[in-house]
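Working notes, beginning with the structure itself.
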Amino acid sequence: MAGQNINNTDGPGPSVKDKKTYESLRDDGASKEKAARIANAKASARKSNRQDPSRKGGLQPPYDQWTKSDLYDRAKELGIEGRSSMTKKELINALRAR
């Protein structure tokens, strides 16, 4: 296999089920992990005739309506580092980037 790049980082790996969605999310600035997670959720929903995850909606209010204490607790659950020194706005941004 001389001359082949084994660590190909040009596109998604073989585990990404919806490459078009993945590439669109990456173009919009999503991390590789987040883009793969969303693309695979959408592909799985289509395959099993479930509701699209982006239209599903959550039962929680938007982060802007959470208290700083609730945001901190959620950041702790997700293992976000540096949360103790973050402002409410920084906690919201960190949670949304996750």
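Quick notes
- Heavy atoms of residue 88 accessible to a 1.4 Å probe, total area in Å² rounded to 10: 80 Å²
- Subtracting the Cα-Cα distance of residue 67 and residue 97 from 0.36 nm times their residue separation leaves 9.0 nm of extension gain.
- The simple Förster model, with R0 at 30 Å and r as the Cβ-Cβ distance, assigns residue 15 and residue 60 a FRET efficiency of 0.55.
- Förster radius 22 Å - calculated FRET efficiency between residue 24 and residue 89, Cβ distance, rounded to 0.05: 0.25
The values are calculated or read from the model by the stated rules, or taken from the named source; none is laboratory data. These numbers were taken from a predicted model, which means no experiment stands behind them. Neighbour counts are summed over all protein chains in view; Cβ atoms, including those assigned to glycine, are modelled from backbone coordinates with ideal geometry. Side chains are part of the model used for accessible areas, which takes the heavy atoms of the whole protein and leaves out ligands, DNA and RNA. Shrake-Rupley method; radii C 1.70, N 1.55, O 1.52, S 1.80 Å.
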